[in-house]
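The structure appears below as C-alpha cells.
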Amino acid sequence: MILLDISIRAAAIALALLSATALMIVPQTRPVGRPVSALALTMAGYTLLSSLAAPEFPPAIIPVLLLAAIFVPLAVCWLVVTLFLDDPRDRLPWLVAAGIAVALAIAGIWVPGLEVARGLVMLAFFVALLGMAIRTAKEDLVEDRLKFRPAFLSAIAILGVSISSTELIFGYRFVPDTMTLAQGLAFLALAFAYALWVLKPEPKACICFTEPVKPAAQVDRRAEAVDGSVVSALKAALENGIWRREGLTIAALGAEIGVPEHRLRAVINRRLGFRNFPTFINSYRIAAAKQVLADPGEARRTILEIAYDVGFASLGPFNKAFRDQTGESPSEFRRRALDSRQPLAGFEKSPSLSESERLRPH
C-alpha cells in the first residue's frame with residue numbers, strides 16, 4: 001500500500017507542476033501561473049509529508065516538506081483572490097489573514113498546544129475563503145470566470161476542508177492508512193482535472209478571464225445587433241436613474257429592461273469593459289455624489305444623506321466605493337472642491353454609455 005500511495009501522490013505532484021509550467025511559459029497566463037506554481041510547490045510538500053512513505057524519508061528533508069506544507073493556505077489564498085478579486089486592494093486583507101494562519105502554524109511547531117487552535121483557524125479560513133468566492137459570484141460579469149467558478153470552488157472546498165479536518169482530528173502522524181490513500185487519490189483526481197483543462201489545445205486567454213479578440217470574419221452579426229438593443233435599453237434605464245435604487249442587482253436590472261441576465265452580463269463586460277456589477281453601478285453613483293459634494297449650494301447636506309440619495313444603504317460602503325474610485329474620502333473631496341470653487345481634476349458628470357463603450361475588459 002505504501003508503494004501505491006507514493007506513486008499516486010508522485011503522479012499528482014507531476015501533473016500539478018506540469019500545469020504550473022504550462023501557465024508560466026505563456027505571458028498572457030503568467031499572472032495566474034505564479035500562484036498556481038506556489039500552490040503546486042507547497043502542495044508537493046504536504047502531499048509527500050502526509051504520505052504513508054513519510055516515516056521512511058531521510059530526516060533532513062522533513063523540515064523542508066513541513067515548511068512547504070505550512071504555506072499551503074497562503075498559496076491557496078493567493079490563487080483564489082487572483083482569480084476572483086479584481087481590485088488588488090480587496091486582496092490584501094485575505095492575504096494578511098492567510099499570513100496570520102501560516103504564522104500560527106509555524107508557531108505550532110515549537111508550541112504543541114497550538115495544534116488544535118491551528119487546525120480550527122485553518123478550517124475557518126478555508127470556509128471563509130470559499131464563502132467569499134461564492135458570494136462574489138453574484139457580482140461577476142466575466143462569463144468564463146462564472147463557468148469556471150463552480151468546479152474550482154468545489155476543488156478548493158475538497159482540498160481545504162479535507163486537509164484541515166483530517167489534521168484537526170488525526171494530526172499529521174495518526175491518519176488511518178485507508179484515509180491517507182483516499183486523500184492521495186483525491187489529490188490525483190484534482191490535479192488530473194486541472195491539468196486536462198490547462199493543457200487542452202484551445203486558446204488559454206480564458207484562464208486569465210479576459211475575452212480573446214475574435215477575427216472579423218468570426219463576429220456574429222446577429223449577436224452584435226442584439227447587444228446593440230441591450231445597450232439602448234440599458235442606456236434608457238440608467239438615464240432614468242435606476243442606479244439610485246438601493247440594493248440593485250444585475251438580475252433586477254435585467255428584469256427591469258427585459259433582458260436575460262446572462263446577456264446583460266456579457267454586454268456590460270464585453271461592450272462596456274466592466275468586470276463586476278458593483279463597479280459598474282457605482283461609477284454612476286460616485287459621479288453623481290461628486291457633483292453634489294462639489295456644489296456650494298449643497299454644502300449643508302450630510303455625507304450620509306448624499307450616500308442614501310445615490311443608492312447606498314449605509315455610509316461604510318459609500319466611503320469605500322468613493323475612495324476606490326477617487327483615492328480620497330467624500331469629506332476630503334468636498335473640502336477640496338469647496339475650497340477651490342472650480343472644477344477639479346477627476347470631477348465629471350455621470351458616465352454615458354458612449355463613453356463606457358470605449359473601455360475594454362482588463
Shape call for segment 1-106 from the C-alpha gyration tensor, a ≥ b ≥ c root eigenvalues: rounded (a/c under 1.5), prolate (a/b greater than b/c) or oblate? oblate
Given a Förster distance of 51 angstrom, what is the FRET efficiency for L120 paired with R301, based on the Cβ-Cβ distance and rounded to 0.05? 0.60
Return the sequence-ordered ³J(HN,Hα) values of segment 121-128 in whole Hz as given by the Karplus equation 6.51 cos²θ - 1.76 cosθ + 1.60 applied to θ = phi - 60°, using x for Gly and Pro. 5, 4, 5, 5, 5, 5, 5, 5
Among 272-280, 191-199, 43-51, 232-240, how do they line up by average Cβ neighbours within 10 Å per residue, starting with the highest? 43-51, 272-280, 191-199, 232-240
Once the Cα atoms of segment 235-313 are picked out, what are the Rg and Dmax in Å? 13.9, 42
Tell me, what is the 1.4 Å probe accessible area of L92, in Å² to the nearest 10? 110
Quick tally, 1.4 Å probe accessible area for D144, D227, sorted with the most first, runs D144, D227
Rounded to the nearest 0.05, FRET efficiency between R336 and M179 (Cβ-Cβ, R0 51 Å) equals 0.25
Mind running the shape call on segment 83-136? Use the C-alpha gyration tensor, a ≥ b ≥ c as the square roots of the eigenvalues: rounded below 1.5 for a/c, prolate if a/b tops b/c, oblate otherwise. oblate
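The values are calculated or read from the model by the stated rules, or taken from the named source; none is laboratory data. Computed from a prediction, not measured in an experiment: that's the story for all the values here. Methodologically, a virtual Cβ is constructed for each residue, glycine included, from the backbone with ideal geometry; neighbour enumeration extends over all protein chains shown. Just so you know, the surface numbers come from the protein's heavy atoms only, side chains and all, with ligands and any DNA or RNA stripped out. Shrake-Rupley method; radii C 1.70, N 1.55, O 1.52, S 1.80 Å.
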